[in-house]
1. Do any residues in region B:64-81 that are within 11 Å of A:Gly159 (Cβ to Cβ) have Cβ atoms under 8 Å from those of residues that are hydroxyl-bearing (Ser, Thr, Tyr) and open to solvent by 10 Å² or more (accessible area, probe 1.4 Å), where the two are at least six apart or on different chains, and which pairs are they?
2. Quick test of your reading of the structure: B:Arg67 fulfils all but one of (1) under 24 Å from B:Leu126 (Cβ atoms); (2) assigned to a loop (DSSP other than H, G, I, E, B). Name the failing condition by number.
3. When the residues of region B:41-61 are narrowed to those that are more than 22 Å from the chain's Cα centre (by Cα) and not acidic (Asp, Glu), which ends up nearest to B:Ile136 (Cα to Cα)?
4. Looking for something part of a helix (DSSP H, G or I), more than 16 Å from the ligand (Cβ to nearest atom) and under 25 Å from B:Leu103 (Cβ atoms) - is there at least one such residue anywhere in region B:163-176?
5. Scan region B:52-101 for residues that are among the small types (Gly, Ala, Ser) and either crowded, with 21+ Cβ neighbours inside 10 Å or over 19 Å from A:Val165 (Cβ atoms) (or both) and jot them down.
6. Is it the case, given these coordinates, that B:Glu114 is farther than 28 Å from B:Leu76 by Cα and either assigned to a helix (DSSP H, G or I) or open to solvent by 30 Å² or more (accessible area, probe 1.4 Å) (or both)?
7. Of all residues in region A:143-165, which are in contact (Cβ under 8 Å) with a residue 60 or more places away in the chain and open to solvent by less than 50 Å² (accessible area, probe 1.4 Å)?
8. Restricting region B:37-57 to residues that are more than 23 Å from B:Ala3 (Cα to Cα) and either assigned to a loop (DSSP other than H, G, I, E, B) or within 13 Å of the ligand (Cβ to nearest atom) (or both), which is farthest from the other protein chains (Cβ to nearest Cβ)?
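The values are calculated or read from the model by the stated rules, or taken from the named source; none is laboratory data. Everything numeric in this text was worked out from a predicted model, so none of it was measured. Every residue, glycine among them, receives a Cβ derived from its backbone with ideal geometry; neighbour counts consider all protein chains shown. These area figures cover heavy atoms from the full protein model, side chains too; ligands, DNA and RNA do not enter into them. Shrake-Rupley method; radii C 1.70, N 1.55, O 1.52, S 1.80 Å.
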Amino acid sequence: MNLTNTLDIFPDRRVTQMLFKEVKNAAEMRQSAVEGKIQAALINPTMLVDPFQVLVAANKAVHLHTIGKMKTRSLYSEIIFNLSPTNKISDAFKRFGVSDEDDAVMVVVVHSEDELKALSDITEIVDGRQVPVDDLSSLSDSAKIKKLYKVTPQEEKCGSLLDAVVCRMAIKDVL
Amino acid sequence: MMAVSEFLSRAELLKQGAEARVYRVQLLGRPTIVKERFPKLYRHPELDKKLTHRRTVQEVRSILRCRRAGIPAPSLYFVDYTSHCIFMEDVVNSCTVRDHIALLQRSDSPQQLEHLEHLAEQVGRLLAQMHDEDVIHGDLTTSNILLRAPGSGSGSELVLIDFGLSYISALPEDKGVDLYVLEKAFLSTHPHTEPLFEKLLQSYTCSSPRATAVINKLDEVRLRGRKRSMVG
Ligand SMILES: Nc1ncnc2c1ncn2[C@@H]1O[C@H](COP(=O)(O)O)[C@@H](O)[C@H]1O
């Protein structure tokens with residue numbers, strides 16, 4: 001049920017996405033992430049259109065990490081920051097990070113080919129039901145997404161909502 | 001070496017231009033075009049970096065501005081502002097308007113003229129829309145407009161590319177010069193197409209209430225161009 005992709009530009013880096021529903025311990029998970037006990041980005045799936053959006057954020061985070069130009073303190077906070085259309089770090093966490101009362105969580109881990117323990121460690125901490133990552137489409141809140149990314153109706157005529165979202169993520173540094 | 005440069009060294013090179021190299025790659029599962037602006041060694045390094053950065057920024061900003069207004073331009077996936085690379089949607093199953101015009105001209109279909117005129121009208125409409133958003137393309141040619149293979153769904157079939165020289169301006173003069181650049185390129189790439197270009201301009205004029213002022217400026221610019229060539 002995990003979705004693992006290789007980052008083309010960084011061939012030794014994998015990104016694994018795991019989607020959980022009926023999560024009962026989001027607060028505890030978030031706390032563990034803050035304390036560094038979980039090495040992962042915990043994302044609110046209602047703000048995600050598609051796993052590709054997460055890959056775009058992760059690719060950029062790994063890139064900025066590699067060249068020492070991250071805007072936040074860790075690779076995982078950088079992934080969350082990259083999802084946001086604005087450059088305010090606190091906004092990004094509020095909108096894209098998991099909140100204590102959430103009952104669905106997208107967990108994103110960046111790892112090497114043989115680092116599979118990092119993944120099982122996380123599944124152990126989550127009190128919830130893992131579902132296929134493609135179930136994202138049933139959780140995502142497109143009205144909220146359109147509002148936050150300021151997607152215009154005309155824009156949806158020449159491309160998908162996903163395209164509109166990743167464009168804004170790619171360009172936010174120079175807005 | 002930086003990861004991005006190393007990645008591109010293994011990629012398929014599509015075009016080696018004077019300012020940039022264009023590659024075709026797969027990125028995160030999607031067919032992707034990479035435009036890499038490289039340093040110009042004859043320029044002062046600091047100045048060169050600033051100019052190259054500015055072009056990259058102009059290009060991505062104009063693409064977003066067009067898309068927001070419903071004007072098709074490639075979607076953006078990733079921008080590396082350090083190595084000045086733009087990773088964008090590869091508009092698959094497309095050809096340039098340049099190649100398509102040439103193809104139509106060689107065909108002996110009875111509808112040849114009709115198809116050419118339809119295409120010219122589409123281009124005119126698209127450019128009027130772009131100028132209504134105050135985007136000046138800066139390098140309009142028939143190679144910088146792609147035609148998506150007919151029947152691939154999504155409404156309008158034309159896609160604007162290569163916004164590296166673009167900027168934002170509401171001045172009819174700037175829009176007139178934009179059309180003048182296209183006219184020069186159009187008539188030299190496609191000889192004996194004056195009536196076709198006239199169709200393009202007619203469609204441009206009909207598509208925007210602000211077009212008349214632009215066409216008047218185009219006439220002025222043409223006159224200046226002619227005077228200059230008489231002197232020089
Ligand atoms: N986004 C794109 N999708 C498909 N082909 C492209 C794209 N961008 C550029 N090309 C092709 O690459 C050539 C050079 O690109 P450019 O330097 O941007 O004009 C164009 O004439 C097209 O044939």
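1. Taking only residues 6 or more apart or on different chains, the pairs are B:Arg68/A:Thr152; B:Gly70/A:Thr152; B:Pro72/B:Ser154; B:Pro72/B:Ser156.
2. (2)
3. Out of the qualifying residues, it is B:Lys50.
4. No, region B:163-176 contains no residue that is part of a helix (DSSP H, G or I), more than 16 Å from the ligand (Cβ to nearest atom) and under 25 Å from B:Leu103 (Cβ atoms).
5. Matches in region B:52-101: B:Ser62, B:Ala73, B:Ser75, B:Ser83, B:Ser94.
6. yes
7. Within region A:143-165, A:Ile145, A:Leu148, A:Tyr149, A:Leu161, A:Leu162, A:Val165 meet the criteria.
8. By that ranking, first place goes to B:Tyr42.
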